[in-house]
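One structure is given here, and the rest of the page talks about it.
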Amino acid sequence: MEINQKLNIENVIEVNDLCKSFGTNTVLNHFNFKLKRGENAVVLGKSGSGKSVFIKCIIGLLAADSGKINVLDYNISDLNSDALDALRMRMGFLFQSNALYDSMTVRENLEFPLRRHGKDMSNKEVDAAVKEALESVGLPHTEKMMPSELSGGMKKRIAIARTLILKPEIILYDEPTTGLDPITGREIDDLIVKIQRDYKTSSIIISHDMHCVKAVANRIVMLIDGRAYMEGDYSSLSTCGDQKVLDFFE
């Protein structure tokens, strides 16, 4: 199946009745979700509630037990491996651990997705792409550095730059501020908002960091007991009167 580019659709992701269990542990129980084009949507839930499982199902790293996942108007269960890889090229995934290659320089880490996905680019074009990605995250002079020489916040920024280098339409952020000090965490929050503005991305942010949630979310979906329990903006949810929801805001 050929994956067409830039479809004119309002919802870039639609998830209907998604179920996923591990043995007797039901993680997602008829979970429903939509991501609108151009928005930052936060999926908020406790640790172990299924947030990371949800986004791994979206990109096909985990197979759903049942339900339907549409990404850019494609049902991912209908795609063969080549088509799924082509669709993944239009999505960026920021791992919680950053997943930088320790044996590669920053430049080599950023070049890797270009080479891996068979981008037919000249050396000059690669240079320009690396430079643009690093400037976008505020680290223009780090090309020759090794991951071991970077602070935690710098590693996160480089991981974001590597995600941006393929110009994805959708970005999935898995706990982007976990393990960072409060000041660095706020800088990453600001960067997520900047990327949404500058690159016109549509993003899902998985988090239980309420400072991050308040800073980046256009809309919040509460993942409670495996379901989309409630959704709204930060203000409406923080004053909703439902104690299951309010526990996150207190």
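The values are calculated or read from the model by the stated rules, or taken from the named source; none is laboratory data. These figures come from a predicted structure and were not determined experimentally. Methodologically, a virtual Cβ is constructed for each residue, glycine included, from the backbone with ideal geometry; neighbour enumeration extends over all protein chains shown.
Taking first residues from region 118-144 that are under 25 Å from Val193 (Cβ atoms) and partners that are of a type outside the set (Gly, Ala, Ser) and part of a loop (DSSP other than H, G, I, E, B), the Cβ contacts under 6 Å between residues at least 6 apart in sequence or on separate chains come to Ala129/Ile165; Ala133/Ile165; Leu134/Pro140.
Residues that are assigned to a strand (DSSP E or B) and at positive phi within region 18-44 comprise just one, His30.
Which helices (runs of 4 or more DSSP H) does region 48-126 wholly contain that include 2 or more residues that are β-branched (Val, Ile, Thr), touching a Phe, Trp or Tyr at 6+ places or on another chain (Cβ under 9 Å) and within 23 Å of His30 (Cα to Cα)?
51-58
Listed conditions (1) surrounded by 12 or more Cβ atoms within 10 Å (Cβ to Cβ); (2) at pLDDT below 90; (3) among the hydroxyl-bearing types (Ser, Thr, Tyr) are all met by Tyr74, apart from (2).
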